[in-house]
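Single-structure report; data block below.
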There are 2 protein chains.
Amino acid sequence: MPPHRLVKQLAQVARPMSTLAGYKLQQHSYKYRYMIVSAGIATGGVMFYFCQKHKVLAASSVQSQKSLWMTDPITDIKDLEKNPDSMKTKMELLIMRIQGEVCRALEKEEEDKKFVVDRWIRNEGGGGISCVIQDGMVFEKAGVNISVVHGHLPPAAIQQMKSRGKNLSGKNLPFFATGISAVIHPRNPYVPTIHFNYRYFEVENEDGTKQSWFGGGTDLTPSYLNQEDCVHFHKTLKVACDKHDKSYYSRFKTWCDEYFYIKHREETRGIGGIFFDDLEEPNHEEIFKFVKSCAESVVPCYIPLVQKHKNNGYGYAEREWQLLRRGRYVEFNLIYDRGTKFGLFTPGARYESILMSLPLTARWEYCHQVEPGSKEEEMVQVLKKPRSWV
Amino acid sequence: MPPHRLVKQLAQVARPMSTLAGYKLQQHSYKYRYMIVSAGIATGGVMFYFCQKHKVLAASSVQSQKSLWMTDPITDIKDLEKNPDSMKTKMELLIMRIQGEVCRALEKEEEDKKFVVDRWIRNEGGGGISCVIQDGMVFEKAGVNISVVHGHLPPAAIQQMKSRGKNLSGKNLPFFATGISAVIHPRNPYVPTIHFNYRYFEVENEDGTKQSWFGGGTDLTPSYLNQEDCVHFHKTLKVACDKHDKSYYSRFKTWCDEYFYIKHREETRGIGGIFFDDLEEPNHEEIFKFVKSCAESVVPCYIPLVQKHKNNGYGYAEREWQLLRRGRYVEFNLIYDRGTKFGLFTPGARYESILMSLPLTARWEYCHQVEPGSKEEEMVQVLKKPRSWV
């Protein structure tokens, strides 16, 4: 095995152990990776030890993670350090790191532009960080957002949760919500659009009882079908799921196909992935680990597809078909997506960050028909009847 | 007064009296209008007489209207002839005629393309006629649809009505709905987009009681503000309203500004017009006449603006701004518009006809800002704070 492939494999092992090393790997040439991987494994071990045994020392590690982030977290670093075991802290630190990792991995492919970083504060409580590339050479629009918000949920937002099966009582319930959400619309019609979102919720009922749960998922929306890509994408997700529960992948793959369904068109938005919501069992600690694995699998799920196709040749017809598919994307997001509605119905929400999921351009043709036997028809057939990929 | 202006005035008087003459006027030069107007007045008088006194003869007039339509009505002509006094018949004949008038007036401006006429049948009862121009020289997308549907309303569709204040009881209520709905998206950024919709509803509650009402409106969405256009548009609507009730225009103008409000952006979709719903008072006959006046005012409201601006010069910046404004149009239609939701939630609805309201192309830029003092800012100021135009 050539040395750089060995390093690659080591790097994959090392990353979950040390996020610091994991990230830095992406910034260096292979020549330097040897050292960093070793250091990564070592640091990972040391950090793990500190986290378990010395909370005070672990707390200071919040500061040390700074280089991984796109900007400062929403919650004051001192508050994060004071509550290292709180799920709120753990989720915020996770999404801060994932945001940095994903943005830097995408920037490496972009060449033309860097992410613009917007840190915004919500008057009603909390805020967010939106990282956006617009009109890039590779990414026509790429948004990677995190948000950490709290306050009171208005009836319209509660309704979005109730309709999902949550049993919430009251009109204005105290809540806390944190999550990372990203949509990447590449320019080349052969590079698929990816969406992922991982979130944690706490809501207090009127009677003082609390509910908290996790939700999330990663899904792919190609304009053209590439079987190899689909298998790679789903396999990578399955590996992340299988580490935690052998039933997860198949459950969450089905849930994803059902959720991203454009009812009026009787087709799915893309070729799926995984989707879950209201996850509370077996316990928060286990689900957090699962969410962490999923979020960490985004880069290996997607970046290889960008690298593989970003220089593919294409013409007017492929571009037009991509824009039509993006029209469907807009339809799903604005008509059916609960996340978008929940966002828009939450007072003080930053609509620019919510609607960042919309493509730069989209197209609607009246009664568009695909040619029988065409590549476009091949894609539609999969959207009409989701397939098993692994 | 020069003879052609006299003819114009006569034509305005004649049109409501004879739809046949009214329509044909648009197809002939002034030279021939004298004869047609006179014939129109005469025919109008004759028809009026027949309608009142001889229902059998009046019935045959349904056949004679054929040349006004784009294709055959949804309801069998014999059934329409059998029930000339039924509001269902009157509304269907009105919208058939308006569809023909509007399509032919637009075709005269288009030069490049003719309307494609799709007659569709709904398995669950009824059907519709969609007339669409796509990718024309003047009209990038223009759809003028009518529908005449009946059957049972599912809970999701009833919900759309209840949330409006209708007190409907039951899970699957028998209903009848007919209406005309049009959205015209011109290519030139200086020609505004127009939307109009006039509809009649009948719903039967579980206890057998019936409710029926009218709704509708006409509204304008320019990308650039032209005060003169706004005044012309609103004045024409006011004239149509004032003939029936002096309070209508001001009530329905306010309602329009409130309805076409993009809540998350805190701006209206356009410069308004009129909008009303649940209209039952003073009686169906009077409201029908009002709806007829409004529907007949569409051509004089809009065609002069098309003629005035369709050859305006424009560049990349204006086109881009137009596409951004269209993005907002899509947001309103897919997130807030009750008509769209009602349509999509009605089983067997033809989504291609419902989504024909979406533009051919639209654009979303993250955090787009208008230049202070620019024409774009001038437009946004009106959207942020609706004005009085008459």
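Summary table below
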| item | result |
| --- | --- |
| Shielding by other protein chains, A:334-346, mean Cβ within 10 Å | 2 |
| Ordering of A:302-311, A:72-81 by packing [mean C-beta count within 10 Å, highest first] | A:302-311, A:72-81 |
| Accessible area that becomes buried as A packs against B, both chains, 1.4 Å probe, Å², nearest 100 | 2900 |
| The stretch A:76-384 - percent of accessible surface contributed by carbon and sulfur, probe 1.4 Å | 49 |
| Over 32 Å (Cα to Cα) - which of B:LYS82/B:LYS292; B:LYS166/B:LYS243; A:LYS88/B:LYS385; A:LYS141/A:LYS384 fall in this group | A:LYS88/B:LYS385 |
| Shape of the stretch B:250-316, Cα gyration tensor, a/c cut at 1.5 | oblate |
| Within the stretch B:159-220, trypsin sites (Lys or Arg not before Pro) in DSSP loop having at most 10 other beta-carbon neighbours inside 10 Å | B:LYS171 |
| For A:TRP255, label point 7 Å along C-beta direction: distances to other copies, nm | 4.4 |
| Heavy-atom SASA rank of B:ARG269, A:ARG319 (probe 1.4 Å, accessible area, largest first) | A:ARG319, B:ARG269 |
| Inter-copy spacing of B:LYS114 label points, which lie 7 Å from Cα along Cα→Cβ, given in nm from shortest upward | 5.9 |
| At R0 = 60 Å, FRET efficiency that the Cβ-Cβ distance of B:THR71 and A:LYS66 yields, to 0.05 | 0.30 |
| Copy-to-copy label separations for B:TYR314, where each label sits 7 Å from Cα toward Cβ, in nm and ascending | 2.7 |
| Neighbourhood net charge (11 Å Cβ-Cβ; Lys/Arg +1, Asp/Glu -1) for A:ARG387 | +2 |
| Label-point gap, in nm, between A:ASN283 and B:ARG338 - each point 7 angstrom along Cα→Cβ | 5.1 |
| The stretch B:72-384: relative contact order as a whole-number percent, Cα under 8 Å and 6+ apart | 17 |
| Shielding by partners - mean other protein chain Cβ count within 10 Å, residues of A:350-359 | 4 |
| Per the axis that maps chain B onto chain A, nearest residue of B (Cβ criterion) and its distance in Å | B:LEU334, 2 |
| Members of the stretch B:102-133 that become less accessible by 10 Å² or more once partner protein chains are added (1.4 angstrom probe, chain alone as reference) | B:ASP118, B:VAL132 |
| Two-site FRET efficiency, B:GLU258 against A:TYR314, from Cβ-Cβ distance with R₀ of 45 Å, rounded to 0.05 | 0.50 |
| Peptide A:360-372, shielding by other chains (average Cβ, 10 Å cutoff) | 6 |
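The values are calculated or read from the model by the stated rules, or taken from the named source; none is laboratory data. On a predicted model such as this, the values are computed, not experimentally measured, just so you know. As a convention, Cβ positions derive from the backbone with ideal geometry for all residues, glycine included, and neighbour counts pool all protein chains shown. Only protein heavy atoms, including side chains, enter the accessible area calculation; ligands, DNA and RNA are left aside. Shrake-Rupley method; radii C 1.70, N 1.55, O 1.52, S 1.80 Å.
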